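**Student:** One structure, pasted below without further comment.
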Amino acid sequence: QVQLVESGGGLVQAGGSLRLSCAASGSIFSVNDMGWYRQAPGKQRELVAHITNGGSTNYGDSVKGRFTISGDNAKHTVYLQMNSLKAEDTAVYYCNVNLYSAFDFALKDYWGQGTQVTVSS
C-alpha cells in the first residue's frame with residue numbers, strides 16, 4: 001500500500017522558519033495533487049496550502065505571503081516552507097496526497113501521521 005512519512009516539525013521562536021517534508025511511498029502510479037493541513041488545539045483541521053500536479057497553488061488566508069508549498073512529483077514528495085512563523089501557527093501539520101494507485105489505478109487519498117509545529121513567543 002501507500003504510506004506518507006512527514007518530517008521537519010519542531011519548536012521555533014516567532015519569526016523563525018521551518019521546512020516540512022512529506023514523502024509518499026508504495027504502489028503509486030502518479031500523484032494528482034498534494035496539500036498541507038493543520039489542526040490546533042480545540043480547533044478543526046484547516047487548509048494550509050495546496051498544490052496541483054500542474055503547479056497551481058492556493059493558501060489559507062492566514063499563511064499567505066509567509067508559507068510556500070512545493071512538490072516533486074517524481075519523488076512523490078511535498079514540502080512546506082514556513083517563514084515568519086507566529087505563535088498562531090502552532091498546530092499539528094498533516095500532509096495529504098491524492099494519487100492514483102499503481103495497483104488498480106484508482107484515485108485515492110492518503111494522510112500523513114502529523115508533525116508538531118510549536119512556535120514560541
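The values are calculated or read from the model by the stated rules, or taken from the named source; none is laboratory data. Everything numeric in this text was worked out from a predicted model, so none of it was measured. Positions of Cβ are backbone-derived with ideal geometry, glycine not excepted, and every protein chain shown enters the neighbour counts. Heavy atoms of the whole protein, side chains included, go into the accessibility calculation; ligands, DNA and RNA do not. Shrake-Rupley method; radii C 1.70, N 1.55, O 1.52, S 1.80 Å.
**Student:** Go through the range 58-73 residue by residue and tally those that are buried (at least 18 other Cβ atoms within 10 Å of the Cβ) and in contact with a Phe, Trp or Tyr (Cβ under 8 Å, 6 or more places away or on another chain).
**Tutor:** 4
**Student:** OK, next. Checking the condition in contact with an Asp or Glu (Cβ under 7 Å, 6 or more places away or on another chain) and of a type in the set (Ser, Thr, Tyr), which residue from THR77, THR68, THR57, THR52 passes? Write out each step before concluding.
**Tutor:** On the way: THR77 fails: in contact with an Asp or Glu (Cβ under 7 Å, 6 or more places away or on another chain); THR68 fails: in contact with an Asp or Glu (Cβ under 7 Å, 6 or more places away or on another chain); THR57 fails: in contact with an Asp or Glu (Cβ under 7 Å, 6 or more places away or on another chain).
Residue meeting the stated conditions: THR52.
**Student:** Against the condition closer than 13 Å to SER30 by Cα, part of a strand (DSSP E or B) and open to solvent by 10 Å² or more (accessible area, probe 1.4 Å), how does TYR100 come out, does it pass? So that I can check it myself, show each step before the final result.
**Tutor:** Values: closer than 13 Å to SER30 by Cα: yes; part of a strand (DSSP E or B): yes; open to solvent by 10 Å² or more (accessible area, probe 1.4 Å): yes.
Judged against the criteria, TYR100 is a match.
**Student:** Tell me, please, whether a residue that is touching a strand residue (DSSP E or B) at 6+ places or on another chain (Cβ under 7 Å), over 17 Å from GLY8 (Cβ atoms), at pLDDT 95 or above and among the basic types (Lys, Arg) can be found in the range 57-66.
**Tutor:** No, the range 57-66 contains no residue that is touching a strand residue (DSSP E or B) at 6+ places or on another chain (Cβ under 7 Å), over 17 Å from GLY8 (Cβ atoms), at pLDDT 95 or above and among the basic types (Lys, Arg).
Okay, residues lined up against (1) open to solvent by less than 50 Å² (accessible area, probe 1.4 Å); (2) at negative phi; (3) free of Cβ contacts under 8 Å to residues at least 12 places away in the same chain:
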residue	(1), (2), (3)
VAL78	yes, yes, no
SER84	no, no, no
GLU88	no, yes, no
CYS95	yes, yes, no
THR115	yes, yes, no
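**Student:** Now for a different question. Tell me yes or no: at least one residue of the range 38-51 is more than 19 Å from SER121 (Cα to Cα), in contact (Cβ under 8 Å) with a residue 40 or more places away in the chain and among the hydrophobic types (A, V, I, L, M, F, W, C).
**Tutor:** yes
**Student:** A follow-up question, please. Please find, among GLY55, GLY10, the residue that is among the small types (Gly, Ala, Ser), more than 14 Å from the chain's Cα centre (by Cα), open to solvent by 20 Å² or more (accessible area, probe 1.4 Å) and within 18 Å of SER120 (Cβ to Cβ). Walk me through it before giving the result.
**Tutor:** Details: GLY55 fails: within 18 Å of SER120 (Cβ to Cβ).
Among GLY55, GLY10, only GLY10 is among the small types (Gly, Ala, Ser), more than 14 Å from the chain's Cα centre (by Cα), open to solvent by 20 Å² or more (accessible area, probe 1.4 Å) and within 18 Å of SER120 (Cβ to Cβ).
**Student:** Given the condition small (Gly, Ala, Ser), open to solvent by 60 Å² or more (accessible area, probe 1.4 Å), outside any strand (DSSP E or B) and at positive phi, answer yes or no: does some residue in the range 26-48 qualify? First the steps, then the outcome.
**Tutor:** Let us first name the residues in the range 26-48 that are small (Gly, Ala, Ser), namely 26-27, 30, 35, 40, 42.
This time we only want the ones that are open to solvent by 60 Å² or more (accessible area, probe 1.4 Å), so: 42.
Imposing the further condition that a residue be outside any strand (DSSP E or B) reduces the set to 42.
Filter once more, so that each one left must be at positive phi: 42.
Within the range 26-48, one or more residues are small (Gly, Ala, Ser), open to solvent by 60 Å² or more (accessible area, probe 1.4 Å), outside any strand (DSSP E or B) and at positive phi.
**Student:** Right, ARG19: without any contact (Cβ under 8 Å) to a residue 60 or more places away in the chain, open to solvent by 70 Å² or more (accessible area, probe 1.4 Å) and either closer than 21 Å to GLN116 by Cβ or not acidic (Asp, Glu) (or both) or not?
**Tutor:** On the way: without any contact (Cβ under 8 Å) to a residue 60 or more places away in the chain: no; open to solvent by 70 Å² or more (accessible area, probe 1.4 Å): yes; either closer than 21 Å to GLN116 by Cβ or not acidic (Asp, Glu) (or both): yes.
For ARG19, the condition - without any contact (Cβ under 8 Å) to a residue 60 or more places away in the chain, open to solvent by 70 Å² or more (accessible area, probe 1.4 Å) and either closer than 21 Å to GLN116 by Cβ or not acidic (Asp, Glu) (or both) - is not met.
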